[in-house]
Amino acid sequence: MSGTEILKWMDESSFFDAFTIDEKVQLLEHSLEFFRYRKGDKVIKKGHADQSVYLILRGSVNVESFQNRRDFVIATLKEGSLFGELSLLREGTRLFNVIARDSVVVMKVDVKRYEAMPHNLQLKFNDKFLEIMLERFEEMNETYAELLDSRRKEEG
């Protein structure tokens with residue numbers, strides 16, 4: 001992957017809307033890692049200790065859990081989606097597998113690289129992380145409310 005190609009993908013991702021071109025170049029040169037995965041590859045393995053967050057620049061992934069001898073897809077994430085963000089806030093092991101659905105390019109930021117970022121870039125990352133986490137929280141609340149409503153209707 002060339003730097004030009006990655007910058008193009010960064011420009012196309014809403015995650016980087018608040019970043020200037022100079023800031024994107026700075027991230028590319030000093031702070032971020034980029035990886036390509038093929039369909040079926042594990043991007044994250046459940047139980048693995050890792051403090052990194054990932055942003056999908058190309059392709060899509062499934063977040064999966066293994067229960068009762070079966071894999072269950074918990075979520076499908078597409079270009080511009082973030083995953084693993086809680087690992088920047090706490091140490092621990094990964095709770096789910098993340099599997100490439102097709103050819104995927106991700107940006108990876110581990111906690112050391114994140115902490116080494118200039119403060120202004122950390123603030124921009126924090127703003128975007130918070131926005132994404134709030135959106136997910138709202139979606140979970142809506143799903144929970146729908147499940148409660150459905151259960152109440154079934155009961156009677």
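Descriptive notes on the structure:
- Gained length - M1 relative to K153, 0.36 nm times residue gap less alpha-carbon distance: 49.4 nm
- Straight-line cross-link partners of K39 among the lysines, defined as a Cα under 22 Å from its Cα and at least 8 positions apart when in the same chain: K78, K108.
- Candidates Q26, Q51, Q67, ranked by Gaussian network fluctuation over the chain, Cα under 10 Å, top entry: Q67
- Listed by chain and number, the aspartates and glutamates whose C-alpha is less than 13 Å from the C-alpha of K128, apart from same-chain residues fewer than 8 away, are D17, E85.
- Each residue of region 54-67 was assigned a 3J(HN,Hα) from its phi angle through the Karplus expression (A = 6.51, B = -1.76, C = 1.60, θ = phi - 60°), giving 10, 10, 7, 8, 9, x, 8, 9, 10, 8, 10, 10, 9, 9 Hz with x at Gly and Pro.
- Modelled spin labels at F35 and S103, positioned 7 Å past Cα toward Cβ, are 1.9 nm from each other.
- Degrees, to the nearest 10: 3-12 long Cα axis against longest axis of the chain: 50 degrees
- Where a label projected 7 Å from the Cα of R136 along Cα→Cβ would reach, residues of region 9-49 with amide N under 14 Å: 44
Values in this text are rule-based calculations from the coordinates and carry no lab data. Bear in mind that the values here come from a model prediction, so they are computed numbers and not experimental data. FYI the Cβ positions are ideal-geometry reconstructions off the backbone, even for glycines, and counts take in every protein chain you see.
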